[in-house]
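The values are calculated or read from the model by the stated rules, or taken from the named source; none is laboratory data. All figures in this text were calculated on a predicted structure; none of them were measured in a lab. Cβ placement follows ideal geometry from the backbone for every residue including glycine, while neighbour counts extend to all protein chains displayed. The area values use the complete protein model at the heavy-atom level, side chains included, leaving out ligands, DNA and RNA. Shrake-Rupley method; radii C 1.70, N 1.55, O 1.52, S 1.80 Å.
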Amino acid sequence: MAEYIVEKTKENLVYSKTPVLTDNVMHYCPGCSHGTIHKLIAEVIEEMGVQDKAIGVSPVGCSVFAYNYLNIDWVQAAHGRAAAVATAAHRLYPDKLVFTYQGDGDLAAIGTAESIHVCNRGESIAVFYINNAIYGMTGGQMAPTTLLGMKTATCPYGRDPQLHGYPYKVADFVCQLPGVCYVTRQSVHTPANVRKAKKAIRKAFENALAGKGLSFVEFVATCNSGWKMTPVQANKWMEENMLPAYPLGDIKNE
Amino acid sequence: MGEIKLMKGNEVIAEAAIRCGADGYFGYPITPQSEVMETLMERKPWETTGMVVVQAESEVSSINMVYGGAACGKRVMTSSSSPGISLMCEGLTYLAGAELPCVVVNVTRGGPGLGTIQPAQSDYYQAVKGGGHGDYKIIVLAPASVQEMHDFVFDAFDLAFKYRNPVMILSDGVIGQMMEKVELAEQRPRWTDEEIKQMHDSWACTGKSAGRNGNIVTSLELDPYRQEQFNYKIFEKYARCEAEEVRYEEYLTEDADYLLVAFGSSARICKKTIEIAREQGYKVGLIRPITLWPFPSKKIKEVAVQTKGVLVAELNMGQMVDDVRLAVNGAVPVEHYGRTGGAVYSPEEVFEALKTKIINK
Amino acid sequence: MAKIKGTIVVDTERCKGCEVCVASCPCDVLALAPAVNGKGYHYAHMANPDNCTGCASCAIICPDTCITVYRQKFE
């Protein structure tokens, strides 16, 4: 069989790291969804040419260090308060692209009030909500989105609704608020889903810049160290357990 | 002569904010200061100067909106009262920890807990000793009149940006709710986005300028030794502030045998006490700290040592008295007189306390 | 019949050996290398380079953006 040697030339280049990503190696655990989501946001920022317009608001949680990985202006918010920080940044710079990047603890536990009210005010920003049903940075505690029966450091015998209440489906809440124009659940555990997720990010940013109201993009994600699985197992477990509870797809798209 | 008006303290905070070129106000209703936001909403500055006014869902959200606005290099502020300021304390230490400029007005009311809505000065500790965690300071200005409420908004913003630190205007329900004549300053233009980039491009989040990496506004540091260096750095800043920004008012201290130390509305009561005392032959003077931090320790010591004793009159159970004692350092007796919970003493009561605790001691 | 062939370059020092790319490759090209990088991770490498079509599935899913992809058409 003839030997086909692909020359690594510029013409043959199909995919490479976007310059919007910094050279810092990400601190995330191997296989963590955060890294993939960061990359997609960086790629969309590059493609839309808005690196000089983007103002990101990072949370407290594993992704607090998002500011080390995307070379844009970042404001790191107190735990749960990214939506408030973003509201001010957006109101004061209406022509800039303001977005928050938050985990489930940040957005759906301590930041519930801020998250609901930024949606209710219909701020034209994008909210990226990474739902991996656990507190990663602090070492695997229960989150508002932890599934029933799921074991974590603070529900070691499995989440019991009598003790810990029920998994909280934020997207189904915020889609009812008139100020919200786009609500979708995405994931990055397969190449096909990665491509869809990237389109959703693009749509959210376009909505934000067009002043159409708030775009809420939930990423159903994995935390393989918190779930105590390998990354590949975590992706599989997510498909079988998380996605039925948090079905993917657009919930609202005006 | 600027425009003269008869205005409430709270209303003039709003008016001064607009005129000093503030970019944003983010607040939440709480008695006795809701008129600040009401006035702003009524004046609609977004149609004239472009100033943004947002009613948030809580004081926690308000101070974090201020954090967001400050991180963008804008002149932003909030106002609240005691319980609300407690909710803002985390935000204040984050603002200090990220070296962000902003103005926070506390129209103090009686506490603790839900407390009362009448005036008090029981948030002194919280303001000057830090209501939030960690080693940090905020500059605290204490107005004693509606005119000072106006003037201190301008001063607070200038100090906030000079030191890139939160500045608190510590007022109380009396000054917030009373009406007085006030001379209003001319409208000062807001900074344009380009001006902000010129002045603050090294730190502010304005959208990444070409030729620089993204700015990161955070107070997070995982390396304790770098955090330690940062803390040393901000305390050098605070030392400069202590050297340059101390403000106080001296009243009839030249021949004083006895000294009153009081701030804000209490100082006004004490001036009446001095009048009564002097009519009865007691030479009493007053030092009114205007900056509660940096505290006028040197001045208080300087005057106190020439007197036979000091009475600190404050609407609380004794807070500023600590700093006066530290300043006087035992040179002369320092005693406290106070009422609390929203109750306010009369000039005569202060005079009685001065006699029993200091003069006839 | 024209043939499309691809190849990838893995930044072996950045790779954390999470194996997600291996699972996502439609042509079974990838595997974790027996060797390890400076951090002790078995990095991804092309076990069956000839199968690679340059579809970039591995690259787009990689959480650490370690993979660069090339593709060439052969007549």
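To the nearest 10, the accessible area of A:Cys175 is 30 Å² with a 1.4 Å probe. When chain A is treated as a Gaussian network with alpha carbon springs shorter than 10 Å, the biggest mean-square fluctuation among A:Lys228, A:Lys96, A:Lys198 belongs to A:Lys228. Scaling against 2.2 N^0.38 Å puts the C-alpha radius of gyration of the range A:4-49 at 1.43. Gyration tensor over the Cα atoms of the range B:38-106: the corresponding equivalent ellipsoid has semi-axes (square roots of 5 times the eigenvalues, largest first) of 20, 15, 9 Å. Cross-link partners of C:Lys5 among aspartates and glutamates, defined as those whose alpha carbon lies under 15 angstrom from its own and excluding same-chain residues fewer than eight positions apart: A:Glu3, A:Glu7, A:Glu11, C:Asp28, C:Asp50, C:Glu75.
On a straight-distance basis, which lysines could pair with A:Lys39 in a cross-link, Cα separation under 19 angstrom, same-chain partners fewer than 8 positions away excluded? Hits, sequence-local ones excluded: A:Lys17, A:Lys53, A:Lys196, A:Lys198, A:Lys199, A:Lys203, B:Lys208, C:Lys16. Using a Gaussian network model of chain A whose springs link C-alpha atoms within less than 10 Å, name the residue from A:Val183, A:Val127, A:Val20 with the highest mean-square fluctuation. Looking only at A:Val183, A:Val127, A:Val20, the largest GNM fluctuation is found for A:Val20.
Projecting the alpha carbon convex hull of the range B:86-226 along each direction and taking the average yields 10.8 nm². Counted over the range C:20-75 with a bin width of 10 Å, the fraction of Cα pairs per bin, in whole percents, is 24, 53, 20, 3, 0.
In the elastic network of chain A, a GNM with C-alpha springs shorter than 10 Å, the most mobile of A:Leu209, A:Leu40, A:Leu163 is A:Leu163. Per residue, the accessible area of the range C:9-75 comes to 42 Å², computed with a 1.4 Å probe over protein heavy atoms only. A 1.4 Å probe run over the protein chains yields, for the range A:1-86, 34 Å² of accessible area per residue, whole-number rounding. Accessible area of the protein assembly as shown with a 1.4 Å probe: how many percent of it is carbon plus sulfur? Carbon plus sulfur share of accessible area: 53 percent. Of A:Phe65, A:Phe128, the order by accessible heavy-atom surface (1.4 Å probe, DNA, RNA and ligands excluded), from most exposed downward, is A:Phe65, A:Phe128. For the residues of C:28-40, the average number of beta carbons from a partner chain within 10 Å of their own beta carbon is 0. Counting, for every residue in A:22-30, the Cβ atoms of other protein chains within 10 Å of its Cβ and taking the mean gives 4. The amide H of B:Cys102, built 1.01 Å from its N in the peptide plane, has B:Asn165, B:Val167 as neighbours under 5 Å, considering only residues 5 or more places off or on other chains.
Couplings 3J(HN,Hα) of the range B:28-40, computed from phi: 8, x, 6, 5, x, 9, 4, 4, 4, 6, 4, 5, 4 Hz, in residue order, whole Hz [Karplus 6.51 cos²θ - 1.76 cosθ + 1.60, θ = phi - 60°; x for Gly and Pro].
Considering all different alpha carbon pairs of the range A:151-254, the Kirkwood hydrodynamic radius works out to 15.2 Å. For chain B, a Kirkwood hydrodynamic radius built from all Cα pairs, placed in the Stokes-Einstein relation at 4 °C and 1.567 mPa s, yields a translational diffusion coefficient of 62 µm²/s. Semi-axis lengths, largest first, of the ellipsoid equivalent to the range B:214-361 are 36, 16, 13 Å, with √(5λ) applied to each eigenvalue of the Cα gyration tensor. Summing charges over all other residues whose Cβ lies under 9 Å from the Cβ of A:Ser215, with Lys and Arg as +1 and Asp and Glu as -1, gives +1.
Take B:207-218, B:229-240 and order them by the average number of nearby Cβ atoms within 10 Å per residue, most first; the result is B:207-218, B:229-240. Across the range B:63-72, coupling constants 3J(HN,Hα) worked out from phi with the 6.51/-1.76/1.60 Karplus curve, θ = phi - 60°, read 5, 7, 5, 4, 4, x, x, 5, 5, 8 Hz, and Gly and Pro carry x. If you wrap the Cα atoms of the protein assembly as shown in a convex hull and average its projected area over all directions, you get 35.2 nm². Between B:Asp135 and A:Asn253, the FRET efficiency estimated from the beta carbon spacing at R0 = 35 angstrom works out to 0.10. Accessible surface comparison of A:His34, A:His117, probe 1.4 Å, protein chains only, largest first: the order is A:His117, A:His34.
So for the range A:105-254: antiparallel DSSP bridges make up what percent, rounded to the nearest 5? Antiparallel: roughly 35 percent of the beta bridges in the range A:105-254. Pairs of lysine residues in the range B:1-139 that meet both criteria, 8 or more places apart or on different chains and Cα atoms under 30 Å apart, total 10.
For A:Gly80, the residues 5 or more places off, or on other chains, whose built amide H falls under 5 Å of its own are A:Val60. Relative to the Cα centre, the charge distribution of the protein assembly as shown, modelled as +1 at Lys and Arg Cβ and -1 at Asp and Glu Cβ, gives a dipole magnitude of about 1000 debye.
For C:Pro49, the shell of other residues with beta-carbons less than 12 Å away shows a net charge of -2, using +1 for Lys and Arg and -1 for Asp and Glu.
Computed per residue of chain A from DSSP H runs no shorter than four, each worth -39500 (n - 2.57), the mean residue ellipticity at 222 nm is -8500 deg cm²/dmol. Compared with the alpha-carbon gap, the fully stretched path from B:Glu349 to B:Lys197 is longer by 49.3 nm at 0.36 nm per residue.
Sort the range A:1-119 into rounded, prolate or oblate with this rule: let a ≥ b ≥ c be the square roots of the eigenvalues of the Cα gyration tensor; rounded if a/c is under 1.5, and if a/c is not under 1.5, prolate when a/b is larger than b/c, oblate otherwise. Verdict is prolate for the range A:1-119.
Relative intensity of chain A on a log10 scale, I(q)/I(0) at q = 0.08, 0.11 Å⁻¹, equals -0.30, -0.55, per a Debye sum over C-alpha point scatterers of equal strength in the absence of solvent. For the range B:1-50, the pair-distance distribution built from all alpha carbon pairs, in bins 10 Å wide starting at 0, is 24, 57, 18, 1 percent. Rolling a 1.4 Å probe over the protein chains gives B:Trp191 an accessible area of about 50 Å². When A:Tyr166, C:Tyr70, A:Tyr69 are compared by accessible area at a 1.4 angstrom probe, the order from most to least is A:Tyr166, C:Tyr70, A:Tyr69. Working from Cα pairs under 8 Å separated by at least six residues, relative contact order for chain A is 18 percent. Within the assembled protein chains, the solvent-accessible surface assigned to B:Ser34 is about 20 Å², based on a 1.4 Å probe.
What the phi angles of the range B:116-129 give under the Karplus curve with 6.51, -1.76 and 1.60, with θ = phi - 60°, is a coupling list of 10, 10, 7, x, 7, 10, 7, 9, 4, 4, 3, 6, 8, 9 Hz, glycine and proline written as x. Projecting the Cα atoms of B:Gln147, B:Ile169, B:Gly131 onto the dipole axis of the range B:128-178, where Lys and Arg carry +1 and Asp and Glu carry -1 at the beta carbon, places B:Gly131 farthest toward the positive end. Helical content alone sets the calculated 222 nm signal of chain B at -12500 deg cm²/dmol, taking -39,500 (n - 2.57) per DSSP H segment of four or more residues and averaging over every residue. Helices in chain C, meaning DSSP H runs of at least 4 residues, each add -39500 (n - 2.57). Divided by all residues, the mean residue ellipticity at 222 nm is -2500 deg cm²/dmol. The largest-to-smallest principal axis extents of the Cα set in the range A:49-196 are 49, 34, 33 Å.
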